[in-house]
Every structure is written in structure tokens, then in C-alpha cells.
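Data block below; observations after.
The values are calculated or read from the model by the stated rules, or taken from the named source; none is laboratory data. Everything numeric here is computed off the predicted structure, so don't read it as measured data. Positions of Cβ are backbone-derived with ideal geometry, glycine not excepted, and every protein chain shown enters the neighbour counts. Surface accessibility is based on the protein's heavy atoms, side chains included, excluding ligands, DNA and RNA. Shrake-Rupley method; radii C 1.70, N 1.55, O 1.52, S 1.80 Å.
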Amino acid sequence: MKRLQRGLSGRTAVVTGGAQGIGAAVVERLCLEGCHVVVFDKSADHGRALREAWRDNGYTVHLSVGDVTDPAAVQAAVADTPPDWPRPTLLVNLAAGFVFKGIEATPADWQAALEPTIVGLSLVTREFVAGLPERNADAAIVNMASISAHIAQEGYLTYNTSKAAVLGFTRCMAQELAPRGVRVNSVSPGTVWNANNERYHREALGLDRAAAEAAPEHGGKFLLNRFADPAEVAAPIVFLLSSEASFITGTDLRVDGGYLAV
Ligand SMILES: NC(=O)c1ccc[n+]([C@@H]2O[C@H](COP(=O)([O-])OP(=O)(O)OC[C@H]3O[C@@H](n4cnc5c(N)ncnc54)[C@H](O)[C@@H]3O)[C@@H](O)[C@H]2O)c1
């Protein structure tokens, strides 16, 4: 019997920021697709916990602990993969600077916002591309933007500027890498219910998930009247990596429950 193939099985994927949150859901999805997965994350604790969990499930996740802004760590993460794994041809760039400031932001704030999200993104992408063939690489990259890349939000100047830059980076990389057979896209999620968002809504707003989703100024801003689970963002990311997206490059996929539609 014939089976559908998504062109992912047996390939090596690098996921920056893969140790928790959306990244952990991407790692799960890639493991289930039969990929070899390198998690490149600065959190050794979360990375080890994820690696152990997947080992218990029968999967080998390779952990590379380091910062995406550190060129030596980036080189080690992309080049020093297990010797029996193929060279990485799939890349998911999720690591970011979470700095939420307005015009009061200092140069140090801007650096903290832009270094991981843009400089780190460019370092990892450069290293990944350096290991690819000059032609017919059959490779794919997905970068993490956000609804914040598309709109203004009070007090979010640093974050929204950094995410808007991801859209520009994605388009330019798609143009530069198309002749080599590399597709480059981004995704723009709305609020994804992870540990950080759970803590923020509880501590800053006194809301649990159900109450936050019921609030017109929070969940009510989404046409679907709720937030996303990490797996609902991981699935479209993996779709963009797969051969099912073979004619998609240079674009941004909104995974936002309809937030940007109105
Ligand atoms: N959670 C949301 O609501 C949401 C919405 C839209 C976009 N995003 C984007 O999705 C991505 C992942 O967010 P998340 O909510 O899953 O975050 P998270 O905090 O749950 O996970 C982020 C991971 O990235 C790692 N990381 C951070 N900076 C790093 C660096 N410099 N080098 C290496 N690793 C680093 C952290 O250690 C962590 O494991 C980010 O780009 C974020 O901006 C999140």
C-alpha cells in the first residue's frame, strides 16, 4: 500500500530555543516525523529534562547548550552533530530576546532585544547554510515572528521592532537562498499558552487560562476566542519544513486564531 511522505524522515533538524515552550512542541513533532533533532538552547536544565523525556520515549535528541549570540556555540551546535546523523538540512529559529519596553528603552535594552532575535538568527542561519551544498540543497528554514511583527502594541516597541525585522530577514534570505534550493519562511503566532504566559497572566493580571480567554481584551481579541497550545504552532512550522510546502518560500504564515483578520 502506498503511503504519503512528507520528506522529513531520516533528516537532521536544528531547533534553537527547543528546550521548552513552542520549541519543545516542535521537537516532539519532528521526532514523531522520524527526524534526528538537535536542540540548541541556553537552558541546560530544560534541555536535559527534554532530552531525558524523549530518551524514555525511545528517541535520541542531541542537546547543544549555548547562546545563539555566541559564534563558537553556534558553530558547535550546527557542525558537531552525532557522526551517524546526516548534515542538518532543516532549521527552526525560535530563540529570541524577550524585552518589552517603549521609547524609554536604553541601548542595553535594544541590544538585549535585538542580539538574540536578529544577530543570533543571522549567526545560526549563516552556519547552517555554510554546511549545505551550493545547489539543490533541498533544505528549509522556519523563523519565528509573531502577531507583534504586524501591529503596534503599547509598551512593546523593542519586541515588535525585533519581530518585524524577522519578516524582513526571512524575505531577504528566501531570495538569497532560493538558487541553492533552500526555502525560508516565518510563522506569526498569537498568544501561545506556555509556562511564561501562564505565570504572566496569573501574577500580573490575576487570571487563569479560562478567565484570560474569556476576557474581551485578551482571548476575546482572537476570532477563535482562545489562545493556542504549543502543538498548534508546531504543526504549521513542521508543515513549512516538509515537502508539502515545496512551493512556499519568502512568506509568513499567521497562526493566530484570526487575531490579524479584523
Ligand atoms: N509564547 C507566545 O505567546 C509567543 C507568541 C508569538 C511568538 N512567540 C515566539 O516564539 C518563540 C518561542 O517562544 P516561547 O513562548 O516558546 O518561549 P519559551 O520561553 O517557552 O522558550 C524559549 C526558549 O528559548 C531559549 N532561549 C532564549 N534565548 C536564547 C538564546 N539567546 N540562545 C539560546 N536559547 C535561547 C530559552 O532558554 C527557552 O528554552 C520566541 O521567538 C517568541 O518570541 C511566542
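Criterion applied to 224, 260 was being open to solvent by less than 40 Å² (accessible area, probe 1.4 Å) and either within 20 Å of the chain's Cα centre (by Cα) or not polar (S, T, N, Q) (or both), and the one residue passing it is 260.
Exactly one residue among 80, 109, 45, 41 is open to solvent by 20 Å² or more (accessible area, probe 1.4 Å), within 11 Å of the ligand (Cβ to nearest atom) and not β-branched (Val, Ile, Thr), and that residue is 45.
Across the range 89-106, which residue is surrounded by the fewest Cβ atoms within 10 Å (Cβ to Cβ) among those that are closer than 20 Å to residue 169 by Cβ and not β-branched (Val, Ile, Thr)?
Residue satisfying both the conditions and the ranking: 98.
Against the conditions (1) more than 14 Å from the ligand (Cβ to nearest atom); (2) part of a helix (DSSP H, G or I); (3) acidic (Asp, Glu); (4) under 28 Å from residue 102 (Cβ atoms), residue 176 satisfies every one except (4). Picking from residues in the range 112-136 that are open to solvent by less than 30 Å² (accessible area, probe 1.4 Å) and either in a loop (DSSP other than H, G, I, E, B) or not assigned by TED's automatic domain parsing to the domain that holds residue 18 (or both), the one that is farthest from the ligand (Cβ to nearest atom) is 132.
In summary, strands (runs of 3 or more DSSP E) completely within the range 3-80 and bearing 1 or more residues that are among the polar types (S, T, N, Q) occur at 12-16, 61-65.
Can you tell me which of 160, 185 is open to solvent by less than 40 Å² (accessible area, probe 1.4 Å), within 12 Å of the ligand (Cβ to nearest atom) and either of a type in the set (A, V, I, L, M, F, W, C) or outside any loop (DSSP other than H, G, I, E, B) (or both)? Step through it out loud before you land on a result.
Values: 185 fails: within 12 Å of the ligand (Cβ to nearest atom).
After ruling out the rest, the residue left standing is 160.
I want to confirm something. Restricting to the range 48-71 and keeping residues that are away from the ligand (no atom under 13 Å from the Cβ) and hydrophobic (A, V, I, L, M, F, W, C), which single residue is surrounded by the most Cβ atoms within 10 Å (Cβ to Cβ)?
Here is the first cut: in the range 48-71, the residues away from the ligand (no atom under 13 Å from the Cβ) are 52-62.
Filter once more, keeping what is hydrophobic (A, V, I, L, M, F, W, C): 53-54, 61.
Working: 53: 14, 54: 19, 61: 23.
Out of the qualifying residues, it is 61.
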